[in-house]
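The values are calculated or read from the model by the stated rules, or taken from the named source; none is laboratory data. What you are looking at is a predicted structure, and each value in this text was computed from that prediction instead of being measured. Note that each Cβ is placed from the backbone with ideal geometry, even for glycine, and that neighbours are counted across all protein chains shown.
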There are 2 protein chains.
Amino acid sequence: MDEFELDDRKTKILNAIIRNYLKTGEPVGSRTISKYTDLNLSSATIRNEMADLEELGYIVQPHTSAGRIPSDKGYRFYVDHLMAEKDREVDEMKQFVIEHTEKVEHLLQQAAKILASNTNYATMVTAPSYQGNKLKFIQLSYVDEGQILAVIVTDGNLVKNKIIPVSGPIDNETMLKLNIVLNSTLNGLTLEEINLGTIARLKEQAGIHSDIIGEVLDTLSQMMLQEDDIRVYTSGTTNFFKYPELSDTGKASELISTFEEKQQLASLVTENLLDENSTGIQVYIGNESSIQTMKDCSVVTAVYELGEGVRGTIGIVGPKRMDYEKVMDNLKVLKNSLDGILNKPKGKT
Amino acid sequence: MDEFELDDRKTKILNAIIRNYLKTGEPVGSRTISKYTDLNLSSATIRNEMADLEELGYIVQPHTSAGRIPSDKGYRFYVDHLMAEKDREVDEMKQFVIEHTEKVEHLLQQAAKILASNTNYATMVTAPSYQGNKLKFIQLSYVDEGQILAVIVTDGNLVKNKIIPVSGPIDNETMLKLNIVLNSTLNGLTLEEINLGTIARLKEQAGIHSDIIGEVLDTLSQMMLQEDDIRVYTSGTTNFFKYPELSDTGKASELISTFEEKQQLASLVTENLLDENSTGIQVYIGNESSIQTMKDCSVVTAVYELGEGVRGTIGIVGPKRMDYEKVMDNLKVLKNSLDGILNKPKGKT
DNA sequence: TGTTAGCACTCGTTTTGATGGAGTGCTAAT
DNA sequence: ATTAGCACTCCATCAAAACGAGTGCTAACA
């Protein structure tokens, strides 16, 4: 619907304004456009058109007697309709050489860092959620009196562990039995598939030690629950200082604080992880994102999939006047680097 | 030696200057001191004394016709000789209510956060090193074809795990045997105590599967090696903005970047973890710390001991003009809260 | 001899005013 | 419908001026 309220000429002018503003960061005036486009119109005509565009809400004037800059609506229009037109060369982009390390956390931290240094924006990478990830192996070990160690491995070789306190001592045979019961019942299931029936069956089989099973299951769900555990790796937060519109002390400080409060970031990103099964790229302009402090920023995110069902998000945060094309390209490339990396043979990618 | 080059009056004046500057953050002039102290001296006399103090290097003038501010040497003198004099009330300090969570990492992140909000400085907490920590339990599990899971538990219930790739399949009996060998040989040893003799004995016992033992040992040392794994939790980095002398874009940005590069912070803190067995509090003023970017800051650190041999560092970074007394008090209290927390009964502390 | 009052001087900060330029909106001519 | 022209607005920049805090020095004082 939006696109019909703009005729061809207005679209061209808007495009020119936005592209120009992305480049320079300065409000752009009618005279500039008059020369920039192939429309061969005088600045006066452009002025008239610009007045219209402003009335329609695509551009705004920081103050009288200044040029125009894109509004959120303008950016949105650009991202949705104007941007894709241009084919761009990916070869200029630095490659993502991600060392295939054992530690997922290192991997992700690294990814965040590279993305930040490539784009010059602040970046975040959320650790994968266990959504839909299958249990592969469970092991209980009697470590110490009163303490059992539960180790859980899922597809994609994500490992979690927790110490569970128990009251009495437990003999080896019981441990063995519990392990067998747990593994035979739960292996191959996703967390969502463990229902009351499964639990009842488990407890029955465990007999006298059903309390331990209970503990284990609690642990399981606690572990896999996202809230508790969505880790977010960030990098390049000081990049905010590179953009005058964000670099005044107050704003930058708020933004960096938000990045320190990883939990907030997680929430921003989680919705799109759940809502959307598509692996597309999401763009939030200004207030479109749910985080107040980012009202002067744009957020671009993508979902990666380390292994089957092991999905997380990568994202960048920068000024609204960001190089959307470059950012989206970078995200795509990084996403591809990460996708399925856990299942790939060891070594460099 | 230093203290002998200052007579009583100079000491008093220096003290007054520093205390005043700590409060206000403004260069302090002779007139202020003339009224502040009980010395009942005119500003002119103070001026003479100040000229002397400047020549001795305890104070400096930001520019002609400004008051004086303490030099690094001045701060050092204050911290070493002047500060302790005053007894302060701890009751004003907010308590550290640390929830005793299972996850050490949450615990430490929380500690950093509370410390930051208490002091209004940037804080860091390093995860404990394994220095001197004893192995308690090792378990190898055959998870998948070609993959063994190694789980290692140390005193203090720190758990580490790693997936080890193996070439051929391994039967249950072998696994059992390996586990017994590993545990019986290594339990109770610290990492440092595992020497070539131990290793040779292990491999011999393992027989045909000595390669796996080798892998496990590699993993062990890799895991416990500090370099690889000193995690640093930080908080309150945006507090730098609260102090004008640090809040200009350039400096603040550098500092925050340093806090993002956790590894650098780790190095700052590690030395004192190793060098010193005392549990005292370390103060680094300006260039006394090894990190260039912190030349305009003071760093105060303390060592905590979660469990026996499980030691890490807590520290705060702020302007040289920081409230040393408050900071040191806070560190002491936090240190006490953390000390031995792993061995304490579960629940609130 | 140590202390103090007084004064000239320095230097950073803040205020003020002037100037210039970029850009607009409107009107009248094409 | 388009354009040229013009008056007007507003911001940014710069320099000068006014200000104020604080010093160093000298000469007087106890």
Just need a number here: residues in the stretch B:13-52 that are in contact with a strand residue (DSSP E or B) (Cβ under 8 Å, 6 or more places away or on another chain) and among the basic types (Lys, Arg).
-> 0
In this structure, does B:GLY309 turn out to be at pLDDT 90 or above and either hydrophobic (A, V, I, L, M, F, W, C) or farther than 20 Å from B:HIS81 by Cβ (or both)?
-> no
Candidate set: the stretch B:5-31, residues that are more than 21 Å from B:HIS63 (Cα to Cα) and loosely packed, with under 14 Cβ neighbours inside 10 Å; chosen: the one farthest from DNA strand D (Cβ to nearest atom) | B:ASP8
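Tell me, please, whether a residue that is of a type outside the set (A, V, I, L, M) and away from chain A (no Cβ under 11 Å) can be found in the stretch B:148-167. Steps first, answer last, please.
Within the stretch B:148-167, the first condition is being of a type outside the set (A, V, I, L, M), and the residues that meet it are B:154-157, B:160-162, B:165, B:167.
Checking the rest, the ones that are also away from chain A (no Cβ under 11 Å) come to B:167.
There is at least one residue in the stretch B:148-167 that is of a type outside the set (A, V, I, L, M) and away from chain A (no Cβ under 11 Å).
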Mind checking which residues of the stretch B:40-57 are more than 10 Å from DNA strand D (Cβ to nearest atom) and not in a helix (DSSP H, G or I)?
-> B:ASN40, B:LEU41, B:GLY57
Kindly provide the set of residues from the stretch A:10-39 that are within 13 Å of DNA strand C (Cβ to nearest atom), in a helix (DSSP H, G or I) and β-branched (Val, Ile, Thr), ordered by number.
-> A:ILE13, A:ILE17, A:THR24, A:THR32, A:ILE33
Just need a number here: residues in the stretch A:42-58 that are within 9 Å of DNA strand C (Cβ to nearest atom) and closer than 26 Å to A:CYS297 by Cβ.
-> 2
What do you reckon, is B:VAL125 touching a strand residue (DSSP E or B) at 6+ places or on another chain (Cβ under 8 Å) and closer than 30 Å to A:GLU261 by Cβ?
-> yes
From the option list A:ASP72, A:ASP80, single residue qualifying as more than 16 Å from DNA strand C (Cβ to nearest atom) and either crowded, with 17+ Cβ neighbours inside 10 Å or within 14 Å of chain B (Cβ to nearest Cβ) (or both) is A:ASP72
Go over the candidates A:LEU115, A:LEU108 one by one and state the one that is more than 16 Å from DNA strand D (Cβ to nearest atom), outside the structural domain of A:THR198 (by TED's automatic domain parsing) and modelled with pLDDT of 95 or more.
-> A:LEU115
